[in-house]
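Participant: Sharing a structure below in structure tokens format, with a few things to ask.
Coordinate-derived values only; no laboratory data. The structure displayed is predicted, hence computed values, not measured ones. When we count neighbours, we look across all protein chains shown, and the Cβ atoms used for this are built from the backbone with ideal geometry, even at glycine.
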Amino acid sequence: MNLLITGGCGFIGSNFVRYWLAMHPDDRVVVYDKLTYAGRRENLHDLWNSSQLFLVEADIADQESVRNVCRAHQIELIVNFAAETHVDQSILGPLVFTETNVRGTHVLLEVARELGLRLHHISTDEVYGHIPDGHQSVETDSLAPRSPYAASKAAADQLVQAYFITYGLPVTITRGANNVGPYQYPEKAVPLFSTNAILGELLPVYGDGRQMRDYAHVYDHCTGIEAVLLRGDIGEVYNVGTGREMTNLQMVDIVLETLAKDDSLVQHVIDRPGHDRRYSMNVDKLRKLGWEPKYDPRRAVAEAARWYAENRWWWEPIRNGEFQEYYERQYAARLDGKAER
Ligand code: NAD
Ligand code: DAU
């Protein structure tokens, strides 16, 4: 099979490309990526000499480019990971989220419709909004996104479903929980806290730190997507996570314990506006395809923290580069207690 993996140089996309080529060595994978700050060639450093892997540096919102690449490589399946993905960035500068996540996904759907391709879309648990204690989101729950990022992902998710209903386009959707693991850009909480702890810097915990997330290992997200691609029903949505949450303070404890640091590094800072209190998904529908997560959330966070301790070559150039400007903007006032809502 010939696959177009959009966003394949990002965190989950690159883990998926590595996993897919290991499991399906005869397939050809075309990574289609704009290489934003989050898209990094080095995430696939060990694979670029493979004859089964190609890179196209381009925008998913460029319809002519997507069409030409799909034709040239005789693509049969598009897996759409490409997105702007960080909630805090969506609060600082929301418009690009609509452009990439909504318009970009819409362009992929149009090309898939024109060329008769299957499209699998990577959505997120954030589309359900924050979930009251005692409930776990199921795939038929209504969407109630609360940040510009989540709203753009919900719009894309619904466009994909609309193309199945209206045009019969062969689509599937997975909604992933918070992923952790190798090659996650250090703007996200687990790599940020891990790299800060390694550097002996403060860990900025938003608000009371009692928000709950399902920290799932990226490996289990990859196997979940594979299960849906191979055995899922067309037109269906599948949740992918562990079904078990922990508070951010528990996640921080695991990071500190793994890296042998103490909690004097923890600093509670002013909260993220509109911060979702709890995500929680029921993953029984995916289990019925024969899938089971390999990692519990505790082990997933610990292994991720360890990876950052062992792979400074990967994150030090990021932290010493353009990331500093974002870090200053997002955290300087928060960390010295001067931030206002
Ligand atoms: P990431 O930010 O690490 O990577 C995003 C990738 O998309 C980068 O390679 C970037 O260069 C590329 N990209 C951005 N805009 C593009 C454009 N216009 N055209 C082409 N490429 C573009 O993201 P991630 O954490 O790997 O997330 C991947 C997908 O999974 C996203 O759709 C995200 O919404 C979803 N998701 C993420 C998580 C998570 O915990 N990280 C959980 C559930 C779902
Ligand atoms: O749930 C899936 C989503 O997980 C994905 O769709 C998003 O792409 C991904 O970014 C992630 O969103 P979150 O906002 O949950 O992840 P983040 O790593 O930014 O934050 C995790 C938790 O940690 C959240 O409750 C906010 C908190 N946090 C985060 C940062 C960056 C802090 O307390 N301090 C921080 O500095």
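Participant: With just the Cα atoms defining each centre, how far is the stretch 27-64 from the stretch 135-194? Give it in Å.
Facilitator: When both Cα centres are located, 21 Å separates them.
Participant: Another one. Let me make sure I get this right: for the chain, a, b and c are the square roots of the gyration tensor eigenvalues over alpha carbons, sorted descending. Under 1.5 in a/c it's rounded, otherwise prolate if a/b > b/c, else oblate. Which is it? Spell out each step's value before the answer.
Facilitator: Details: a/c = 1.59, a/b = 1.42, b/c = 1.12.
Note, shape of the chain comes out prolate.
Participant: Could you calculate the contour length gain from Val138 to Lys338, that is, 0.36 nm times the residue separation minus the distance between their Cα atoms, to one decimal place in nm? All intermediate terms of the calculation are to be shown ahead of the outcome.
Facilitator: Working: separation 200, 0.36 × 200 = 72.00 nm, distance 4.03 nm.
Gain on extension, Val138 to Lys338, equals 68.0 nm.
Participant: Additional query: Quick one: helix 297-310 against the long Cα principal axis of the chain, what's the angle to the nearest 10°, folded into 0 to 90?
Facilitator: The angle comes out near 80 degrees.
Participant: Then there's this: Would you mind classifying the stretch 1-93 by shape? Square roots of the alpha carbon gyration tensor eigenvalues, ordered a ≥ b ≥ c; an a/c under 1.5 is rounded, otherwise it is prolate if a/b is larger than b/c and oblate if not.
Facilitator: Oblate, because a/c is 1.5 or more while a/b does not exceed b/c.
Participant: In what order do Leu95, Leu203 fall by count of nearby beta-carbon atoms within 10 Å, going from fewest to most? Present the calculation step by step, with values, prior to reporting the outcome.
Facilitator: On the way: Leu95 11, Leu203 23.
With the sparsest Cβ surroundings first, the list reads Leu95, Leu203.
Participant: Only Cα pairs under 8 Å and at least 6 apart count here; give the relative contact order of the stretch 117-204 as a rounded whole percent.
Facilitator: Relative contact order comes out at 34 percent.
Participant: Also: Do the alpha carbons of any pairs in Lys34/Lys285; Lys188/Lys294; Lys153/Lys338; Lys153/Lys285 sit beyond 27 Å of each other, and which pairs? Show your work: numbers first, answer last.
Facilitator: Values: Lys34/Lys285 33 Å; Lys188/Lys294 22 Å; Lys153/Lys338 32 Å; Lys153/Lys285 21 Å.
Violating the 27 Å limit, Cα to Cα: Lys34/Lys285; Lys153/Lys338.
Participant: Another one. Could you list Glu110, Glu328 in order of exposure, starting from the residue whose Cβ has the fewest other Cβ atoms within 10 Å? Don't skip to the end; give the middle numbers.
Facilitator: Working: Glu110 15, Glu328 10.
Sorted ascending by nearby Cβ count, the order is Glu328, Glu110.
Participant: While we're here: How tilted is helix 248-258 with respect to the longest principal axis of the chain? Cα atoms for both, answer in degrees (0 to 90, nearest 10).
Facilitator: Its long axis makes an angle of about 80 degrees.
Participant: Give, in nm to one decimal, the length gained when the segment between Met1 and Glu114 is fully stretched (0.36 nm per residue of separation minus the Cα-Cα distance). Could the numbers behind the result be given before it?
Facilitator: On the way: separation 113, 0.36 × 113 = 40.68 nm, distance 1.91 nm.
In short, 38.8 nm is gained.
Participant: To test your reading of the geometry: what angle, between 0 and 90 degrees and rounded to tens, separates the Cα axis of helix 218-231 from the longest principal axis of the chain?
Facilitator: 20 degrees
Participant: Do you know the relative contact order of the chain, to the nearest whole percent, from alpha carbon pairs under 8 angstrom that are 6+ apart? Can you show the working numbers first?
Facilitator: Details: 646 pairs, mean separation 57.7, N = 341.
It comes to 17 percent, rounded to a whole number.
Participant: Using alpha carbon centroids, what distance separates the stretch 97-117 and the stretch 279-314, in Å?
Facilitator: Computed from Cα coordinates, the inter-centre distance equals 29 Å.
Participant: Let me ask something else about it. Nearest-5 percent of antiparallel DSSP beta bridges in the chain?
Facilitator: On the way: 2 of 38 bridges.
Beta bridges within the chain, antiparallel portion: roughly 5 percent.
Participant: Give the shape of the stretch 242-301 as rounded, prolate or oblate, defined through the alpha-carbon gyration tensor: a ≥ b ≥ c are the square roots of its eigenvalues, a/c under 1.5 means rounded, and otherwise the shape is prolate if a/b is larger than b/c and oblate if not. All intermediate terms of the calculation are to be shown ahead of the outcome.
Facilitator: Details: a/c = 4.98, a/b = 1.58, b/c = 3.16.
Note, shape of the stretch 242-301 comes out oblate.
Participant: Tell me, Ser264, Ser194 in order of fewest to most beta-carbon neighbours within 10 Å? Intermediate results must be reported in sequence, preceding the final value.
Facilitator: Numbers: Ser264 8, Ser194 27.
If I rank by nearby Cβ atoms, fewest first, I get Ser264, Ser194.
Participant: Please list 229-242, 287-300, 133-146 highest first by mean number of surrounding beta-carbon atoms within 10 Å per residue.
Facilitator: Working: 229-242: 19.3, 287-300: 16.6, 133-146: 14.4.
By packing density, highest mean first, the sequence is 229-242, 287-300, 133-146.
Participant: To the nearest Å, what is the center-to-center distance of the stretch 75-93 and the stretch 205-244, using C-alpha atoms only?
Facilitator: Cα centroid to Cα centroid, the span is 16 Å.
Participant: If you place +1 on the Cβ of every Lys and Arg, -1 on the Cβ of every Asp and Glu, and leave all else neutral, what size is the dipole of the chain about its Cα centre, to the nearest 20 Debye? Walk me through the numbers before you get to the answer.
Facilitator: Working: 35 positive and 47 negative charges, 55 e Å.
With only Lys, Arg, Asp and Glu charged at Cβ, the dipole is about 260 debye.
Participant: Helix-only estimate, please: 222 nm mean residue ellipticity of the chain, summing -39500 (n - 2.57) across DSSP H runs of length 4 or more and dividing by its residues, to the nearest 500. Spell out each step's value before the answer.
Facilitator: Values: 12 runs with 135 residues, N = 341.
Counting only the DSSP helices, I get -12000 deg cm²/dmol.
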